[in-house]
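The values are calculated or read from the model by the stated rules, or taken from the named source; none is laboratory data. All of these numbers come straight from a predicted model, not from anything done at the bench. Positions of Cβ are backbone-derived with ideal geometry, glycine not excepted, and every protein chain shown enters the neighbour counts.
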Amino acid sequence: MGSTESLGVGIIGLGVVGGGIIDILNDRRDYFKSVRGIDLTVQKIAVRDVSKPRSAGVSSDLLTQNARDVIDHPDVQIVIEVMGGLDPAREYVLAALESGKDVVTANKALLAEHGDELFEAASTHNAGLAFEASVCGGIPIVRSIAQGLPANHVTSLFGILNGTTNYILTKMTDEGGNYADILKQAQDLGYAEADPTMDVDGTDAVQKLSILCRLAFGHSIPYRKMLCEGIEQVSPIDIVFARDLGYTIKLLGIAKPQSGGLEARVHPALVPTDTLLANIKNEFNAIEIVGNAAGPQVYTGKGAGASPTASAVVSDLLYQAELRIAGRQRINRQLVDVEAAEPLATEDIETSYYCRFTVQDTPGVLAHIANIFATHNISIARVIQEDRSETEGGSVPLIMTTHDAREKSMSAAREEIDALDVVTEASQIIRIERLND
Ligand code: NAP
Ligand code: HSE
């Protein structure tokens, strides 16, 4: 057997992900030692409240309420940040990097908000900043793009990037059921963020998309400038109409270079039911990425939950440990040398649309709406009009899909249509994405 190197690990946070990391380290420590020649010992763990009951795998001697006990511990060379949030996580990560320690984090909010500063700090202090778990949980997508696709210009990226919303949409599609009850299940299963609004309003997915844009396109784009819509407005009736039209509704992250800039957006979308992404269910995530040399590739796996996320954290931990022992540069310059950019303006996006209008069932309504679309150069692809007997109160849903149109035209048409006397509710418009199939 070759020699074994010992490294000390500190952890900040011992919740869903932190607990999963302890379980995996307990399970794999001997293997890492014997086969990889690295002995990883947890020296200190910071939590918010030391009096909380913890799992049997954690000795109370390891716990502290002061994160500086972890960062400043003389035997800790790698700090794992799995507490979440922006502050004080930013302060802790910076302090660790400034003292030359490597950091492994699952915190996509932190990287999306302060990535420029943190990657620069890692580079300045020759420290590592690894973040596999921050995007798509257990899928090794960061390593796949960084190590596997540097030979490529990425021409498009479509992703189901949030496990909680995919779980909710899957249950609503396959089983029906109440939105609030399903969200509660996702929280109980450990998929949701501390504040689940971040999941359902698309913030978590758009933060992940901004990290992917840095990796895949070399662009640092503030995630707040990207189009971001969540799933709150997706109603069961839209799921049913989408199915009748041959589509499944998914929350998608999309990034595509266009002549006017990088298109980067997150929103619910109708995707053809026979595509791979339409069939990614529950907490699973998937990313379909096209490289000019490699062609199309799809990565899928569990995007949330204790074990998948901890699997990604521990893979980073081992990789950083190997780089440190080998004395190699521990930060990938590709993450530092990025171009500050703005996303393509929303009004310039071009796609097709699913529209649900709630209208009085009177003669001429369809012609009226079709006229407005024609004025805005929007071509109608399909129409479904529900039978009058199916609804109460004289209003009926009128479903239309369109061919590709500019977002600017669709917004203007929608405004005019919603102002018609015969339209009794605000319209529902969901983009249709044909993906690369
Ligand atoms: P969590 O269950 O809420 O755990 C947070 C942990 O951080 C708790 O142990 C808490 O201590 C500790 N903590 C909070 N504030 C602290 C402070 N000021 N000092 C020291 N410790 C503090 O969260 P989680 O689900 O594990 O998520 C952690 C991170 O992983 C987040 O950035 C999240 O976005 C990311 N992530 C989560 C998943 C997932 O599936 N859950 C997947 C990918 C990425 P107490 O235990 O004492 O309260
Ligand atoms: N809340 C996140 C999700 C966790 O549901 O995808 C994984 O990042």
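Some notes on this structure:
- Of the set (1) under 29 Å from Ile399 (Cβ atoms); (2) among the basic types (Lys, Arg); (3) free of Cβ contacts under 8 Å to residues at least 60 places away in the same chain, all apply to Lys250 but (3).
Table: residues versus (1) more than 16 Å from ligand 1 (Cβ to nearest atom); (2) at negative phi; (3) of a type in the set (D, E, K, R).
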site	(1), (2), (3)
Leu276	yes, yes, no
Ala293	yes, yes, no
Gly327	yes, no, no
Arg333	yes, yes, yes
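- Selection of helices (runs of 4 or more DSSP H) fully inside region 71-163 by the criterion of at least 2 residues being closer than 22 Å to Lys44 by Cβ and within 11 Å of ligand 1 (Cβ to nearest atom) returns 89-98.
So that you can scan it fast, the table gives a plain yes or no per residue for (1) near ligand 1 (Cβ under 9 Å from one of its atoms); (2) within 24 Å of Ala89 (Cβ to Cβ); (3) outside the structural domain of Arg324 (by TED's automatic domain parsing); (4) assigned to a loop (DSSP other than H, G, I, E, B):
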{"site": "Leu14", "(1), (2), (3), (4)": "yes, yes, no, yes"}
{"site": "Ile24", "(1), (2), (3), (4)": "no, yes, no, no"}
{"site": "Arg29", "(1), (2), (3), (4)": "no, no, no, no"}
{"site": "Ser34", "(1), (2), (3), (4)": "no, no, no, no"}
{"site": "Thr41", "(1), (2), (3), (4)": "no, yes, no, no"}
{"site": "Ile45", "(1), (2), (3), (4)": "yes, yes, no, no"}
{"site": "Asp49", "(1), (2), (3), (4)": "yes, yes, no, yes"}
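- Any pair with Cβ under 9 angstrom, 6 or more apart, that starts in region 342-370 at a residue that is touching a residue at least 12 places away in the same chain (Cβ under 8 Å) and surrounded by 14 or more Cβ atoms within 10 Å (Cβ to Cβ) and ends at one that is part of a loop (DSSP other than H, G, I, E, B) and basic (Lys, Arg): Thr351/Arg434; Ser352/Arg434
- If you check Lys101, Lys108 for being in the same structural domain as Ile38 (by TED's automatic domain parsing), among the basic types (Lys, Arg) and away from ligand 2 (no atom under 16 Å from the Cβ), only one passes: Lys101.
- Taken over region 269-306, the residue count meeting the criterion of being within 16 Å of ligand 2 (Cβ to nearest atom), over 25 Å from Ser235 (Cβ atoms) and not in a loop (DSSP other than H, G, I, E, B) is 6.
- Residue pairs meeting the criteria (Cβ under 6 Å; at least 6 apart or on separate chains; first closer than 16 Å to Ser144 by Cα and in the same structural domain as Asn282 (by TED's automatic domain parsing), in region 154-177; second near ligand 2 (Cβ under 9 Å from one of its atoms) and among the charged types (D, E, K, R)): Leu161/Lys208
- Figure legend. Inter-residue proximity from region 204-226: first residues under 19 Å from Gln297 (Cβ atoms) and in the same structural domain as Val290 (by TED's automatic domain parsing), second residues within 16 Å of ligand 2 (Cβ to nearest atom) and not in a helix (DSSP H, G or I), beta-carbon distance below 6 Å, spacing 6+ or different chains. Indicated pairs: Lys208/Val135; Lys208/Leu161; Leu209/Gly253; Leu209/Val266; Ile211/Val135.
- Odd one out for Asn166, checked against (1) among the polar types (S, T, N, Q); (2) closer than 24 Å to Gly13 by Cα; (3) under 16 Å from the mean Cα position of the chain (by Cα): (2)
- Selection count, region 58-95, where residues are under 15 Å from Val17 (Cβ atoms) and either more than 30 Å from the chain's Cα centre (by Cα) or not assigned by TED's automatic domain parsing to the domain that holds Ile12 (or both): 1
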